[in-house]
1. Give the peptides 275-287, 443-455, 87-99 in descending order of average Cβ contacts within 10 Å, highest first.
2. What nm value, rounded to one decimal, do you get for the distance between residue 452 and residue 376 when each label is placed 7 Å out toward the C-beta?
3. On the protein heavy atoms, probe 1.4 angstrom, tell me the percent of accessible surface of region 64-427 carried by carbon and sulfur.
4. Tell me the label-point distance for the pair residue 243, residue 336, using the 7 Å Cα-to-Cβ offset, in nm and rounded to one decimal.
5. Figure the gain on full extension for residue 107 and residue 462 (residue separation times 0.36 nm, minus the Cα-Cα span) and round it to one decimal in nm.
6. Please state the relative contact order of region 64-427 as a whole percent: Cα pairs under 8 Å, 6+ residues apart?
7. If the label point is 7 Å along Cα→Cβ of residue 343, which residues in region 196-236 have backbone nitrogen under 14 Å from it?
8. Kirkwood Rh over alpha-carbon pairs of region 64-427, then Stokes-Einstein at 10 °C and 1.306 mPa s: what D in µm² s⁻¹, rounded to an integer?
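The values are calculated or read from the model by the stated rules, or taken from the named source; none is laboratory data. Note that the structure is a prediction, hence the values are computed from the model and not measured. Don't worry about glycine lacking a Cβ; one is built from the backbone with ideal geometry, like all the others, and counts go over all protein chains shown. In case anyone asks, the SASA skips ligands and DNA or RNA and just uses the protein heavy atoms, side chains included. Shrake-Rupley method; radii C 1.70, N 1.55, O 1.52, S 1.80 Å.
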Amino acid sequence: MSAPSREEGSKEEEKDEEANRLLEEAGAVSSSEEDVAYEAGEKILVADFDFDTVDDATVPPFSWKKLWLFTGPGFLMSIAFLDPGNLEGDLQSGAIAGYSLLWLLMWATVMGLLIQLLSARVGVATGRHLAELCRDEYPHWARLVLWFMAELALIGADIQEVIGSAIAIQILSRGFLPLWVGVLITASDCFFFLFLENYGVRKLEAAFAVLISIMGLSFAWMFADARPNRQELLMGILVPRLSSKTIRQAVGVVGCVIMPHNVFLHSALVQSRKIDPNKKGRVQEALNYYSIESSAALSVSFMINLFVTTVFAKGFYGTKQAKDIGLVNAGQYLEEKYGGGVFPILYIWGIGLLAAGQSSTITGTYAGQFIMGGFLNLRLKKWMRALITRSFAIVPTIIVAIVFNRSEASLDILNEWLNVLQSMQIPFALIPLLTLVSKEQLMGTFRVGPVLERVAWTVAGLIIVINGYLLLDFFISEVNGVLLGLLACSCTTAYIAFIVYLVSQSGILPSAWVNRLPKGFSSTGN
């Protein structure tokens, strides 16, 4: 009897093991149903080198090798500070305001750095990106509105970026390729760069490093050719100056720095490194390295923006052409002002603009995948998500290229409308970010402290007010007629109401104020 009982026991054990295995597989399948920024196999393993003995609650000592492994996401994020829309803001700021707004460019970059570091903090501490968190933290109707607004901002940014690349292609082909052909080229070669991701995140990051280097070299060459006044340049950076004549350019400088889709993007990019959110020492270590890397990346972007601003300040400030310069005709004005030389400045400008347009278009597509996957929890293959994301932007961009290619003035008007569109979306990225990064249930010990929270809300409020001024000024000058006026008022009322709702969910308002809001405004959850 003993032998059969042993056999029965072994069979029971095998059945238990099989049942456990099936349960584990079922758990793995159910956990994979949620869309994630990076699959486990795609993440970069950050080795501990000689510090494996450090416990999980202790931050390991600083290592240059580790800093190198963490370098990448910040530079991808910094592309949004160098897109064609920003370059147009730079050249108009230089041509109209001279060197006087360089101080504002510097402090706007610092404010942008603060926001991006908070975005990185959310991604590292929770192991999830901002779009995913918004999906869980807001009611169904609110997250759909947030997704729609993020997509609108992304489409507006993408149109500017693709048009910027198409203008560069037109310059470099000496006008042989029309704008719509440049749009198609930009749309297609975007997939080539995204294809690099199949060979590892580091390959994609290396491609972006090359594009940033091309931008830096191109605009540094222009800066050296222009030979701006060093004393005026230093005065512009160190001495704050603002006049009624340059207020519009000042608003544009600040408005261009915070890109809504970039806030979502950075929280996903930092997850390309394998960090366990449950190990506090490793999380803090990652935050430290990302802070260094992001600061270095935005320092580079500030220098590139400074090069562009000072070239146009030296060449066109105080001239009759200053108010007529835009992205479309900037190359022609540069050629007339600085001439040909060994390597014509027109083509240097075209190369730099092409690198800016290509890199920002790719990051826009990248951001679109995270935004769509995070808010809607779509389980699609990456190439399919990229195709859908590109179609959202490329179809309207081709229409825009054909319709607005009639004159330079029409493209400049389009750019103003696109700037306004993106400015309108800024609260819908900043307010959820600041709400979540201050939430102790979500962030645990990594929630921001009260001082940093106040500073962040002050910066966000300042950015929103500045962009609100831009919107008000634009609508007063552009909206005419009773019907358009009523439509604008209705949309503005709904817009402000949703912002009030988001603020009411943030916990920053006194509870007595929140209780006075309509019942639907104070509801939370899914």
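1. Details: 275-287: 18.7, 443-455: 14.0, 87-99: 26.1.
The peptides rank, most packed first, as 87-99, 275-287, 443-455.
2. Rounded to a tenth, the inter-label distance reads 3.4 nm.
3. Working: 9090 of 13680 Å².
So the carbon and sulfur contribution to the accessible surface is 66 percent.
4. With each label placed 7 Å out from Cα toward Cβ, I get 2.3 nm.
5. Numbers: separation 355, 0.36 × 355 = 127.80 nm, distance 1.22 nm.
Once the chain is fully extended between residue 107 and residue 462, it gains 126.6 nm.
6. Values: 538 pairs, mean separation 153.7, N = 364.
Relative contact order for region 64-427 comes out at 42 percent.
7. The answer is 213-226, whose backbone nitrogens lie closer than 14 Å to the label point.
8. Values: Rh = 20.7 Å.
The estimated diffusion coefficient comes to 77 µm²/s.
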